[in-house]
Each structure stands twice: as C-alpha cells, then as structure tokens.
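Here the structure is laid out as structure tokens; the discussion comes afterwards.
The values are calculated or read from the model by the stated rules, or taken from the named source; none is laboratory data. Every value quoted in this text rests on a predicted model; they were computed, and no experiment measured them. With ideal geometry, Cβ positions are generated from the backbone for all residues, glycine too; neighbour counts draw on all protein chains shown. We work out accessible area using only protein heavy atoms, side chains counted, and drop any ligands, DNA or RNA first. Shrake-Rupley method; radii C 1.70, N 1.55, O 1.52, S 1.80 Å.
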Protein chains: 2
Amino acid sequence: MSETTLKITTGPLPGSRKIYVEGSRPDVRVAMREIDLTPGSGEAPVRVYDCSGPYTDPSMQVDITKGVPRLREQWILERGDVEHYDGRAHKPEDDGLKPGEVIGVPVFDRAAQGLRPLRAKPGKAPTQLAYARAGIITPEMEYVAIRENMKRAELHAAIVRDGEDFGADIPDEVTPEFVRAEIARGRAVLPANVNHPEAEPMIIGRNFLTKINANIGNSAVASSVDEEVEKMVWATRWGADTVMDLSTGRHIHATREWIIRNSPVPIGTVPIYQALEKVDGKAEDLTWEIFRDTLIEQAEQGVDYFTIHAGVLLRYIPLTAKRTTGIVSRGGSIMAKWCLAHHKENFLYTHFEDICELLKAYDVGFSLGDGLRPGSIADANDAAQFGELETLGELTHKAWAHDCQVIIEGPGHVPMHKIKKNVEKQIELCGEAPFYTLGPLVTDIAPGYDHITSAIGAAMIGWFGTAMLCYVTPKEHLGLPDKQDVREGVVTYKLAAHAADLAKGHPGAQVRDNALSRARFEFRWKDQFNLSLDPEKALAFHDQHLPAEGAKLAHFCSMCGPKFCSMKISQEVRDFAAAEQGMAEMSEKFVHDGAEIYHTEPVQAQQQAKPAAE
Amino acid sequence: MSETTLKITTGPLPGSRKIYVEGSRPDVRVAMREIDLTPGSGEAPVRVYDCSGPYTDPSMQVDITKGVPRLREQWILERGDVEHYDGRAHKPEDDGLKPGEVIGVPVFDRAAQGLRPLRAKPGKAPTQLAYARAGIITPEMEYVAIRENMKRAELHAAIVRDGEDFGADIPDEVTPEFVRAEIARGRAVLPANVNHPEAEPMIIGRNFLTKINANIGNSAVASSVDEEVEKMVWATRWGADTVMDLSTGRHIHATREWIIRNSPVPIGTVPIYQALEKVDGKAEDLTWEIFRDTLIEQAEQGVDYFTIHAGVLLRYIPLTAKRTTGIVSRGGSIMAKWCLAHHKENFLYTHFEDICELLKAYDVGFSLGDGLRPGSIADANDAAQFGELETLGELTHKAWAHDCQVIIEGPGHVPMHKIKKNVEKQIELCGEAPFYTLGPLVTDIAPGYDHITSAIGAAMIGWFGTAMLCYVTPKEHLGLPDKQDVREGVVTYKLAAHAADLAKGHPGAQVRDNALSRARFEFRWKDQFNLSLDPEKALAFHDQHLPAEGAKLAHFCSMCGPKFCSMKISQEVRDFAAAEQGMAEMSEKFVHDGAEIYHTEPVQAQQQAKPAAE
C-alpha cells in the first residue's frame, strides 16, 4: 500500500490485479479484481467484486484536484433527455458560514473541470427506472450485469445451487435484460445521479449480491480535504459498495464536492442534517423551502440517494412515548420535534410528490428513512416502527408513479427471533423495494463490540432478503470511529454480506471460500492470506509468531505447532484413501513406509505451540 | 484491575460487587455479581451471572500456591461413596521428560495441601447423573438452581415470555428439582470431578443459560506457572463458563495441576494429546494402555470433562477423502491415522465401556468429540460428519447406561442455511444430550475475523438449542492467541450466547439489555459502561474523544455531537406525550417555552462531531 503526497491510499491489495471486462461497446469496461494464486498449484486466479475504483489500479494516476474519470458522462448525454444549466448559486450558509465570511478550506474547481449541473429537460424522466420501464437497457445496466455475473456463466456448469433464498429469484446468470426487468418492477435500484458520472454502476436488490454501505463524515478534528477523500477511498478499498456522507457542521458543501468528484461508488446523504444547520440547529425553524433548496443543492453536486424521513407522521409520535429508548434516528427525532412544535403533519410527507418531481429530474434515489426504528431490544417490532413502515409502503408506490427509484431503510436493534418478520413485512408493504438495514444489533449489552452484535443480525437479515447492509463500527454508541474502526466495520459487514450470499445459494459465491479452503489445506499460506477479505491483517496475525519467510511454506502454523496439525495428518489420510486400494493394503503400506508424517521443518519458532481450538 | 506480584488479575469489574446468595445450608453460598447504578436514578442493582471465582472478591486473598477454596469437598465426602487412595505414581513422561530428567517448572505441592485423589468405592457411582436418577438433589444441584435463577423468581411477574425456543423447555423459575430432573434425563450435565472440589457448580443444557468455553494451553514462549494460571483467570474474568486446557509438549502435567487447583470453573482436556506426547508424536504407536493410564492421570488431578473421539470409525475415514479440507480435528486426525496404520477399529470405540467405567469412578464427563467435523463450507453436513454423529448417539446411550454424564461436540464450518439441521439431527440422534459447538463459522473467507464469522453461527446455533459454545479468537487459523485475543474471543462469545438467550425467550435475560438501554437513553454514561460485557473497553472508546470527566454527564457523545443527538430530542418528545395533553396543546406549550433543546454543555471537544450512523 503506497500513499500519495495527499495521503490517499492507492495501489493494489496483496496478490491482486485490476482487470477490465469489456461489454458490447468499448466504453463499457467493468472493473474487477483478480487474485493470483501460487504458480504450479493448478489454481486459476479468483475473480472478485471490486468497489475500489481507480485507486487500486497502478496504471491510473488519480489527481483529486481533477476528480476521477467521468465514465458515465457520455452515456448520460447521448440519451438526450438532460441539459446543462447554471445551477443554484452557492450560498455562505451551504458551508455554515456567516454572510461575507471566507471559507477556510480549499474548494474544488468545478469551472476548471468544465462542470455544470445537468437536469431533466422539461417533461423528461432521466431515471434508470423510467428507462427500464420503457424497455431500454442502458449501458449502466449492462455494466451491472457484467459486474454481478463475474465468471458465473463460465462456472455455471460446476455450480450446485444450494441454499435457501426465501422466495428470492436469483438467476444462474445475470443478463442485462434481467437487470432491466428487476429495476422496472422496483425490486432493484441502480443509483445514478446524472451529476455523478464518476460512479461505477452498481445495483441494490435481493436478487443480486448483498451490498454494504459505510458511513463517513467530517469532524472538527479532521477537516482537511485529503483526509475527507481518504475516508471514502479507505472505505471503498475494503469493500464499501456505497458511502453515506453524514457530515454536519461547517464546510459540508465543499467537503461533499471533494468526495463526490473523487468517488467511484454512489454517495448517499441525509439532507435534513444540512437543512438543520441552515436554521442554526432549531428543528422548529425548518421549512419546506429551506429543505427543497438543500435537495437541489445536493442533487446538483451529484448525491445518488437521499435519506428522507417522510414516514414520521404526527400520529405515530405518541407511540414512541412509552418506548425504552424513544426515537433514535436523528432525522426521525428532528422531524418529530418539528411536527410537535407546529402540530402539523411532517412536511416531507405533505410535500412528498414535490420531492419526487425534484429527485426524478436528476435520478436521485429515495432511501426512505426509518425515523422510528427501534433503538433497543425492548422497542423492536413495535407499533411505531411498523406504523411507519406501512407509510413507507404507501410512499414507495407514490415515488414509483413518478419514475423514482426507492430503497427502504430498516432497523436497528432487534433480537434474532424478531428479525425475519421485519423482512416479511417490508416485502409485503413496500412491494419488494430493496431493503437497506442498519445491523440489526441482536443485543444491547456489548458497547465496544457492536460491529459484532450487529453483524449477527446483518448476516441473518441479509439472508432473509435485505439488499444492502449499513455497517456499524466498534465505536457505535460510544464515539467517533477512526480509520481502523472503519476498516473493522467494513470487513465485518463484508463477511456478513458474504455469509448471506452463501446461505441464499448465490451462484458462484462459494468459489472464493473453496479456493481459500483448498489453499489452507495445502499450506499455501500466501494464497490463504491473499484470498481473505483483509489480507494484511491475516498476514500480520500469522507473522506475529512465525515471521520468517520460510514459515509461509511450512506445513503447520503457531496455533497447533508441527506435531498436531490435523490438516497435515489429514492429507496423508486422503492420499491413502485416494489410492483406491483395499483398506488392509493401505494400512500395511503405511506402516511399511514408516511414514514420518511430522515434518521437521527448519522453522524454529513455536515447536511447542499452544493450540487454540481442539 | 490490580495485579498481584504473581501477575494474576484480581479485583472487581468497574461498578461491580461480589455477592453470595445462601441456599438451604450455610455452605451453599452462590457467587454472583451485582452492578450498582447511579444513586437517584431509581434503578436497582443489576444482578449478573459470574464465572470469575474468588479473584474478583476483594475480601478473598488468593494464594495460587495453595489453590482456591475447595467449596465442594465436604459435599463430596459426606455422600460416603468415594475414598482416598494413593493414586497413580507420577512418571517423567507425564511432563514430557526423559527418565531422570529434572522438571524445569515449579510443582504444586499437593502434600502440603493434604491432597490425595478420590475415586468411587467399589460398586458405587458417584456421578451427578446417578444421584439425579436416584432422586437425590445434591448441594451442587441446589447451587446451580440458585445460580441460574438469579432474581428470576422475583422478576417473574414482570417478565413477558417472548421468544422462539424450538421445543426447549425453559421454566419460569429454576428449582433444584428441575435441575435434578434435567440431569436425570441426560438433557443437562453438571461437570464435577470428585477431585476438583474447587469448581463452582455450573450446568450445561439447553433449558439453562447458554454457556461458553475458552481454550487455553501452554506454549514454548509462555511457560511460567503464573502465566498459565493467569490465562485461566483472565478467561473466566471476561465470562468463560468452562476452560479447556489444550496444552501440548513439556510440563503439561505440572501445568494442569496449577490450573485445576486454582480454577473456579470446570476444566476440560483432550487426553489423546498427552497420550500422543508419551509416544513421541507417533499416532500409530498409541495403545489403549497408554491412553487409559493418561485418563487415570488426568482424572486424579481433577479434570471435569474429557473430549474423546470415539466416533471416528474406520468406515467413515474414506468418506473424508474427497473433502475440501479432509479432517480438521486434531484428535480426529490422530485417531484416523491410528486406524489406518493398524487397519483396526478405533480403540476408543472398542474400549468405550472400559472408558465409561473409569470416568464414572471420578464423575468425569464425556465430551464426545466430533473428529470428522467440517473444516470448510464445502464440507458442511456431509456423510462423514453425520455418520460420526450417528455413532456419537449410540455412544451417548452407552455412557448413560454407566451413569456417565455426556455432552456432544459439534462443528465447525457451516453456512447459515445448514446450521439448523445440525441441531435437529443432534437432538434426535443423541437423545437431547447437550450440544457443544465450535462456532460454526459461516464463511471461510475472513481469517483475522473468525471470532466474528463464528459468532454469527454461534448465536444462531445457540438459539436453535446448543447448550455451550466453544469460543474462537481472531487468531483462529493463523496463530497463537495472545491475552487480548482471548478477551476478544470470550466477550464475542458472551454476546453471542446472550443473543441466543434473548431469542429463546429466556426469562430475565432481557433485564440487562433494558437496564443498559435506559442508561443510554438517560445519558448515564457510567451505568452504560458498567452494564456492558466489557466496561473497560466501552469507557476507553468513549474517552478516546471525550476524556473529560464532565463528558460522562453530557447529553451527547462524540459520535453525533450535541446538535444531532436523537436520544436528547427524543426525551423531549416523550415528555410532551407523557403529559397526556392534546397534541395541539402540547405543540403550543413547546413553542411557547422556546425550549432550547440543544444543551450548551461545557464540554469543548467535538462540537462538530462526525456521525457514525444515520
């Protein structure tokens, strides 16, 4: 891993190469990663899904002052349904500044990059949903099909479909037409703001690979531009499929611009946070006009999906009064406060169709927020939560009528036995719109370990049908995650999402597990590390006790030591059985050979190692 | 946390007090922990299960050269069915020494402590199973009932039984008679070697709280006596219900003695490891006589349960030949090698009734090992695994016929959709004998994070009915766990076991979640930390950004900062709703008061904090 002078992490992961698979036109070039395994092992390179963009391609020189390549720009323009316009004038309050105050951070030079905002021509609906409904397969859809499919078509014959998918409809091969059909019926979304042409197309839906989101956001102690971009790059390096920028405070407009211009993944936001900043944090001073202006501001920058808490209705708020932890969604609590202060219905609900029209013009997706999600085991699956979900279902159908793409946010804190009902109700009420959940945490008693309490719920809810899992870091409930927390959170959610794909019987998902297990069994240590989700940590853990290069060839590790390595003994057992001789013969030969099965490797360390597992 | 000069960690956890609840006789004094909450908060102390023994009781002075109090000694002797005898003579090879070689570590002075081994008088069966079948409620059973019950009886009225227990039979209140009945029918075990009177009675069974085991073991780099004892103390401090000593190599007899004499929890071992050491690591040289002698050696020391791989039958071995990862159990691979070398049936199987007679004399429990468990997703639920399970079922009934207590070990690596079948088959084949599983890991691709991949499987399999979960540390597959890995592994499994208890609807399990969630909602930060499984980590994470003492009273944390704290806003919402006024009135009052809901706390740090979760 090398770092540019701007501290952006670049370079490939260990043992990996960036490859590009071309589609039906030369500018559809789908980025993937291939992990090369030991020559002579008879193992083909393993192809894996890759969210990391140009940063892991050594042939690309990323200059964050210019942004990453705008790979979708031509596709957007050639459809002829959008037009450039001057855009909304930037206001000091967009960055939390007083009138006349000078901004304290560098500003991305849009003019130098020839950037002007795009929006729909009058009467047009430039959304992937509108195209899909019209029977059009966009280059974005083709890109997604190739990306999801990977080598699935080639592997097809070898794959035994084995899993329980709870009524999902996962195809043996992902075709562009399948992608189109799933988007058309609202069962998948392809986040693709016309002003974020830098994003590599990806898809969220329960018949596709389970995705994960990482939250980032600025803070008072870390506000340099390269640090903000680095957070996004770092999260995608470890596997974040989308990134939500949850910044608050000063310079959020400027920061967001830097992030979007350099992001290879879709960016989501919660616009009410910035709107609240514009009214000095007084929820009751929020207005539809201020909120609308904020939506336009962010849509012009290129935000791909907005969390909108339009389901927090006045009548649901009293249902939270007896809860153990009330309202734990920030957006939800802001809207609840507004509703109570004015004794009026939530303006996000009353203006919902206005919001639809606005989002449609840019193809910003809805992420309908679960403002009343449970914040404790005690509050799971209660009347407030399911009441709101019903309203989100109503709003889903409204948004679809406007050709807007929709995903639905979900809990939260839910004990294991109540998780499945969440998915079932969501599918039923929201017409199979993709579900996007935060965890859920399956117990409240482990602060400091909530990436784990939530990964248990996340793996299960992903299996049941959730399309995207929002990560939780070890710092959840306690403080600001640092870089290592982000990595821990992303890898934890990556493994949970993968576990879900395995359990759903996703074709091809097990290819990587099998390759890693073979490497493990054959003592190809470097292959085992390189095939893992976090090769650097795996290597570091191994080297803590056996740092010598020779140990990476040894037929044991420090966990069990050379005498007790079951893998080693087991390989011999296999050799005998494979010889297809009678068992008696095999036994005879074995004793006759006096097979000294315990290598006396030159590796010295840990000859009497401690076993960690029986 | 203080450390004695011998580096044993002692002292209570933050905010906690040791209490003792007396039973029907004064020497039944059940240790528990109570967590005191903020005075004036209206919160009663929360009582929690406590595995940590005298080390967390400041009134006890532990001298490891003397061992911890032998609280069961009187109970064992007064039953009149055991007798002291001279015991097996110690041999140099017990510690891996050549004849005449002097041992290089201190030896526990049994004579000075008046210790001589106990065993059954001729014709007697001094096992908890035999007593239970005879209708006898032992002091151990009463201890367990009080320990499991905690305040359940008092809480009873307030508890709503809510959960899915898959046919378990969890009572509202645990009575001594219930404990007896569960042991009598083999559905629970109470590990209690007559030579380990130091252990505090505990129970393993699916109608009781889900337990966890931590593995420890000596190593070449860490072989001082106090370090070995400290590993055990450290694991129980964080919540290990039993500890398996998987030491190999030199000094294992001496080390085991130190551990058992100082252990407040039952100790398990895999005797074949030591037997293998005695034949210089040559599996084919193992004999029944050497193995039997090792069982006696360890039974006299006080090991509470033995892993015995008696289900690895000759006919199952070829079934592993085409596996991706062959045989991954060390005991399993050793026995497979022996079987092949001699082309004979596994001597643990052919001598099974001899083993039963031996174990019965000391009340050592069987932990029937799953030598053929899957070591990869690809091998899960295959013919070798389930073939062996069938044999373990047969052996369970044999052991029961000899009044021996039995638990059954289980996998391993299993994708989520195949976990439930493991429990169902185990219950069916093994007559509801307690299941004891290692994870299972739900994917193979995350070395470095396998405490998490396995915690997902562990929480689920615990929910389905597994009675005890064997922990996995982050170092699994890679190397020797260090102290922090042990803590991470134990806490991770503690949270998984608790999640299982919640989902099963265990009465009282949610009391701690609710108390912690109320503390969280009311910004009682210290209560939140102290109620968590790892109070020290929770505090450290919080203090990373807000170290000032005042921040522990603040109505926000560094995660969302003061403007965006949903808990804070939500409390106001609650106040209004609770006033039981009309909504319009409430709204009016709210605006009139001009309620400045965002505290302007004196805490300076992180005024513009980064949000970690929407």
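Look at where the Cα atoms of region A:500-530 and of region A:357-403 average out, and the two centres are 37 Å apart. Amide H contacts for residue B:438 (H built 1.01 Å from N in the peptide plane; partners 5 or more residues away or on another chain; cut-off under 5 Å): B:410, B:412, B:470.
Please label the shape of region A:320-369 as rounded, prolate or oblate, based on the square roots a ≥ b ≥ c of the eigenvalues of the alpha-carbon gyration tensor (a/c under 1.5 means rounded; beyond that, a/b larger than b/c means prolate, else oblate). Oblate, since a/c reaches 1.5 and b/c is not below a/b. Multiplying each eigenvalue of the alpha-carbon gyration tensor of region B:238-321 by 5 and taking the square root yields semi-axes of 25, 16, 11 Å, largest first, rounded to whole angstroms. Rounded to the nearest 500, the 222 nm mean residue ellipticity of chain A from helices alone is -11000 deg cm²/dmol, with -39,500 (n - 2.57) taken per DSSP H run of at least 4 residues.
In terms of the Cα gyration tensor, with a ≥ b ≥ c the square roots of its eigenvalues, is region A:72-510 rounded because a/c is under 1.5, prolate because a/b exceeds b/c, or oblate? Since a/c stays below 1.5, the shape of region A:72-510 is classed as rounded. Over chain B, Cα pairs under 8 Å with separation of 6+ residues give a relative contact order of 14 percent.
Mean silhouette area of region B:352-500, derived from the convex hull of its C-alpha atoms and averaged over all directions, reads 8.9 nm².
About its Cα centre, the dipole of the protein assembly as shown is roughly 120 debye, where the only charges are +1 on Lys and Arg Cβ and -1 on Asp and Glu Cβ. Projecting the Cα positions of A:430, A:486, A:514 onto the charge dipole of region A:405-525 (unit charges on Cβ atoms of Lys, Arg, Asp and Glu, taken about the Cα centre) puts A:514 furthest along the positive direction.
Across region A:421-434, computed HN-Hα scalar couplings (Karplus, 6.51 cos²θ - 1.76 cosθ + 1.60, θ = phi - 60°) run 4, 4, 5, 4, 5, 4, 4, 5, 7, 10, x, 6, 4, x Hz from first to last residue, x flagging Gly and Pro. Beta bridges from DSSP with both residues in the protein assembly as shown: antiparallel share about 40 percent, rounded to the nearest 5. Can you bin the protein assembly as shown into rounded, prolate or oblate? Criterion: square roots of the alpha carbon gyration tensor eigenvalues sorted a ≥ b ≥ c, rounded for a/c under 1.5, prolate for a/b above b/c, oblate for the rest. It comes out prolate by the Cα gyration axes. In a reduced charge model with +1 at each Lys and Arg Cβ and -1 at each Asp and Glu Cβ, chain A shows a dipole moment near 480 debye about its Cα centre. For the protein assembly as shown, the carbon plus sulfur part of the accessible surface works out to 53%, probe radius 1.4 Å.
Rolling a 1.4 Å probe over the heavy atoms of the protein chains gives the protein assembly as shown an accessible area of 31 Å² per residue.
Within region A:311-328, the residues that become at least 30 Å² less accessible when every protein chain is included than when their own chain is isolated (1.4 Å probe; DNA, RNA and ligands ignored) are A:318, A:321, A:324, A:325, A:327, A:328.
Per-residue Karplus couplings for region B:532-542, computed as 6.51 cos²θ - 1.76 cosθ + 1.60 with θ equal to phi - 60°, are listed in order as 7, 5, 9, x, 5, 5, 4, 5, 4, 5, 4 Hz, Gly and Pro entered as x. Residues of region A:331-359 whose accessible area (probe 1.4 Å, heavy atoms of protein chains only) drops by at least 10 Å² once all protein chains are present, relative to their chain alone: A:333, A:334, A:337, A:340, A:341, A:343. Whole-Hz Karplus values for region B:110-124 come out as 4, 4, 4, 8, x, 8, 10, x, 10, 8, 4, 5, x, x, 9 Hz, taken residue by residue from phi with 6.51 cos²θ - 1.76 cosθ + 1.60 and θ = phi - 60°; glycine and proline positions read x.
Averaged over the residues of B:507-520, the number of partner chain Cβ atoms lying within 10 Å of the residue Cβ comes to 5.
Comparing A:389, A:405, A:339 along the charge dipole axis of region A:334-410, the residue lying farthest to the positive side is A:339, per the Cβ-charge model. Taking amide hydrogens as placed 1.01 Å from N in the peptide plane, the amide H of residue B:30 sits under 5 Å from those of B:21, B:22, B:23, each at least 5 positions away in sequence or on another chain.
The angle between the Cα long axis of helix A:252-261 and the main principal axis of chain A comes to about 50°, on a 0 to 90 degree scale. Remark: accessible area buried at the A-B interface is about 12600 Å², both chains counted, probe radius 1.4 Å.
Shown for region A:390-430: residues covered by the partner protein chains by 30 Å² or more of accessible area relative to the chain by itself (probe radius 1.4 Å), namely A:416, A:417. Bridging of residue B:526 to aspartates and glutamates at a Cα separation below 19 Å is possible for A:444, A:450, A:476, B:34, B:36, B:43, B:513, B:534, B:536, B:543, B:549, B:601, once same-chain residues fewer than 8 apart are set aside.
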